[in-house]
Amino acid sequence: MKNWRQKTVLIFLTLGAVVSAACSAKKPAVSYEFTNIRRGTLERTVSSSGKINPVSTVRVLPQMSGKVEKIFVDYNDPIRKGDILAELNTDVLRLKREQQYAAVVKARANYELQRINYRSQETLAEKNLISEYELKTSKTTLDSQTADLAVAEANLKEVETEINHYAYITSPIDGIVLDRNINVGDTVVDSSSNNSSSIFTLAENLREMQIEAMVGELDVVSIQKGQAVRFSLESLPGRNFSGEVESLRMVPVVSNNVVSYTVIVKVENQDGALLPGMTCAVDFIVERGENVLMVSNAALRYQPTNLSAEKIADMVFNVSLENMDEEQRKAALEAREQARTQAAGQNANQNTGITGLLAGGGQQMRMMGVPGGGRQSPPGQGQGTRQGRNAGAAVVMRNLWFIGDEGKIEVMRVRTGVSNGSFTEIHSREDMEGKQVILREKI
């Protein structure tokens, strides 16, 4: 029994020694993947799709009913204003013109006869041989005959207009024939009828086209008139086209509970490569930075796993002090001490105390007038050419981790700019082109 107890004690002592050795063993060294800060061009874009259409199209409807006798144009034919597109049969109209001409002759004869009769009545009335009533009756009959003659002449003119003008369907614009909806022998109905439909569709100018793109309500605030646009076509791979925003239509389009707005993009089509009806992928360029310092977004998201939150916050705070002037540095130190006092006295969450203050550049530092815990970089240092709408955007400071000269991990604060989702523009007081920063930890 005694030996059994001794063996049990010995086993526990051995296990304790093993556990103690394991706990006291050093953590394995962390290895990293690195990336370099480099210069390049960055764009922030809003993507959409659209359809290419002519800027202006005209639908031609017939002004009279009849059978199509001749067609003078076909698809894609260039036309000038006044050119005859088609001719309608006028056989019935010519017969009607003869009838109307006979009606005019008859009306004119009745008018002339009544005019002579009225003059005779006037002579008799002067000699008091007829009553005033008879004279008035003769005058009324003359006025009626005058009106009948005018109606007959108008009817004749209408028929002649139909024969000489309406029977010939002409182009109202200079342009090109996009669509033809009639054939010889078809019967068309005049435009005043509900059954009438367009017989030709004309485009005013295919050298200038427009894209109708749908942009969601979350992105439409980034669209403005004159904004640069880049688009591509599946039918022309590898080729990019450019344009600019012409207008934004305020009428919302709701589809499957998604609200979108139509944006009109003006494009040039000098070589005729763009055809009506083509679909395209559109990128609205919101911001653009050329020859700017940029780094991978993964490097900006990296956070050391072998350092405590307090240690990270302390390192970030100390490096932030280097970018402050004396007044800002003093205010930041006072804010940190106040946060520590409050955290110790109230046992508050560290995220609302020191850690929140140090890691983010935080709300308290912004309240002190220190944007993002640092100041903007002086002009000309580490910056390139910028275009976009973020002139008044808030300053955002981020952390980049690197290995210092002594082989220890260090941090620096940079101001971020344009981002394309993979890389982000950064600004610093010094040119950091080529500097190696930590991308991620190796597993």
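The values are calculated or read from the model by the stated rules, or taken from the named source; none is laboratory data. Predicted model, so just to flag it, every value in this text is computed and none were measured. Glycine gets a Cβ as well: all are built from the backbone with ideal geometry, and neighbour counts include every protein chain shown.
Quick rundown of the values:
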{"item": "Top-ranked residue of the stretch 1-54 - restricted to ones that are hydrophobic (A, V, I, L, M, F, W, C) and modelled with pLDDT of 90 or more, ranked as nearest to GLN303 (Cα to Cα)", "result": "PHE34"}
{"item": "Residue satisfying all of: in the stretch 166-191; under 11 Å from LEU202 (Cβ atoms) and touching a Pro at 6+ places or on another chain (Cβ under 9 Å); surrounded by the fewest Cβ atoms within 10 Å (Cβ to Cβ) among these", "result": "ASP174"}
{"item": "Matching residues in the stretch 225-250 - criterion: being over 17 Å from SER47 (Cβ atoms) and not acidic (Asp, Glu)", "result": "LYS225, GLY226, SER235, LEU236, PRO237, GLY238, ARG239, SER247, ARG249, MET250"}
{"item": "LEU95, sole failed condition from (1) in contact with a helix residue (DSSP H, G or I) (Cβ under 8 Å, 6 or more places away or on another chain); (2) outside any strand (DSSP E or B)", "result": "(1)"}
{"item": "Flag for ALA343 being at pLDDT below 90, part of a helix (DSSP H, G or I) and farther than 20 Å from ARG413 by Cα", "result": "yes"}
{"item": "Considering residues of the stretch 249-294 that are of a type in the set (S, T, N, Q) and touching a residue at least 24 places away in the same chain (Cβ under 8 Å) only, the residue surrounded by the fewest Cβ atoms within 10 Å (Cβ to Cβ)", "result": "GLN270"}
{"item": "Number of the condition not met by ALA102 [criteria: (1) out of contact with any Cys (no Cβ under 9 Å at 6 or more places or on another chain); (2) among the small types (Gly, Ala, Ser); (3) part of a strand (DSSP E or B)]", "result": "(3)"}
{"item": "Candidate set from the stretch 64-80 (those that are in contact with a strand residue (DSSP E or B) (Cβ under 8 Å, 6 or more places away or on another chain) and in a loop (DSSP other than H, G, I, E, B)); member that is surrounded by the fewest Cβ atoms within 10 Å (Cβ to Cβ)", "result": "ASP74"}
{"item": "Output for the stretch 295-345, where each listed residue is more than 17 Å from ILE403 (Cα to Cα), among the polar types (S, T, N, Q) and surrounded by fewer than 18 Cβ atoms within 10 Å (Cβ to Cβ)", "result": "ASN297, SER308, GLN338, THR341, GLN342"}
{"item": "Residue in the stretch 230-242 that is surrounded by fewer than 17 Cβ atoms within 10 Å (Cβ to Cβ), in contact with a strand residue (DSSP E or B) (Cβ under 9 Å, 6 or more places away or on another chain), at pLDDT below 90 and on the phi > 0 side of the Ramachandran plot present", "result": "yes"}
